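See structure below.
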Amino acid sequence: METVHFQGSPCHTYGSVPRPGDSAPCFTLTSKDLAEVTCKDFAGKRIVLNVFPSLDTPVCAASVRRFNDEASKTPDTVVVCVSMDLPFAEQRFCVANGIENCVVTSAFRSPEFVKNYGLEIVDGPLKGLLARAVIIIDTDGRVIFTDLVDEITHEPDYEAAMSMLA
């Protein structure tokens, strides 16, 4: 169990986030067009998992826009954005915001992702959504960076994450 905060109040997650050096659990998520997206789809690439509660919040939307810009600058890397939002909402968001460089996905039917990555919030007002985190997986399937953002209303440390990909 991890502790994060929402507007200063503590909330907890189910399980623990993988740490640098851990083998990254494979995942299956749902893309904005309802197709399955798995870790195997990105063989040979570094994966940046940008995980957040919902695209319908300003901070989450900002993180997707920022990683969309950063993704175009980083070779052999894919940014996979993950929330519990339904694919239909993700599709509308991507069209409205010109998101073309990220793979935007939902964990709404992916209990193994929620379990293996330990990011589901289990109490507080955001119960059932995902905590904000950035997890980077190298080409060998190992976690090389984890940033579980302590205050959900804050953006992740983009510079620290991107420095791992330089």
Query raised in the report: Residues T74, T57, T30: which one is farther than 18 Å from T139 by Cβ and at pLDDT below 85?
Result: T57
Query raised in the report: Out of (1) under 21 Å from R19 (Cα atoms); (2) crowded, with 17+ Cβ neighbours inside 10 Å, what's the single condition that is false for P87?
Result: (1)
Query raised in the report: Restricting segment 89-118 to residues that are more than 19 Å from I136 (Cβ to Cβ), assigned to a helix (DSSP H, G or I) and touching a residue at least 40 places away in the same chain (Cβ under 8 Å), which is nearest to the chain's Cα centre (by Cα)?
Result: V114
Requested in this report: For segment 13-34, state whether one or more residues are buried (at least 16 other Cβ atoms within 10 Å of the Cβ), assigned to a helix (DSSP H, G or I) and aromatic (F, W, Y).
Outcome: no
Query raised in the report: In segment 138-155, what residues are open to solvent by 10 Å² or more (accessible area, probe 1.4 Å), in a strand (DSSP E or B) and modelled with pLDDT of 95 or more?
Result: R142, I144, F145, T146, D147, L148
Query raised in the report: Looking at (1) part of a loop (DSSP other than H, G, I, E, B); (2) open to solvent by 70 Å² or more (accessible area, probe 1.4 Å), which is the only condition P10 fails?
Result: (1)
**Report entry** Count - residues of segment 107-130 that are open to solvent by less than 20 Å² (accessible area, probe 1.4 Å) and either of a type in the set (A, V, I, L, M, F, W, C) or in contact with an Asp or Glu (Cβ under 6 Å, 6 or more places away or on another chain) (or both)
**Finding:** 6
Query raised in the report: Can you name the number of the only condition in (1) crowded, with 16+ Cβ neighbours inside 10 Å; (2) touching a Lys or Arg at 6+ places or on another chain (Cβ under 6 Å) that D76 fails?
Result: (1)
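The values are calculated or read from the model by the stated rules, or taken from the named source; none is laboratory data. As the structure is a prediction and not an experimental result, all values here were calculated from the model. Methodologically, a virtual Cβ is constructed for each residue, glycine included, from the backbone with ideal geometry; neighbour enumeration extends over all protein chains shown. Ligands, DNA and RNA are stripped out before the accessible areas are found, and what is left, the full protein with its side chains, is counted by its heavy atoms. Shrake-Rupley method; radii C 1.70, N 1.55, O 1.52, S 1.80 Å.
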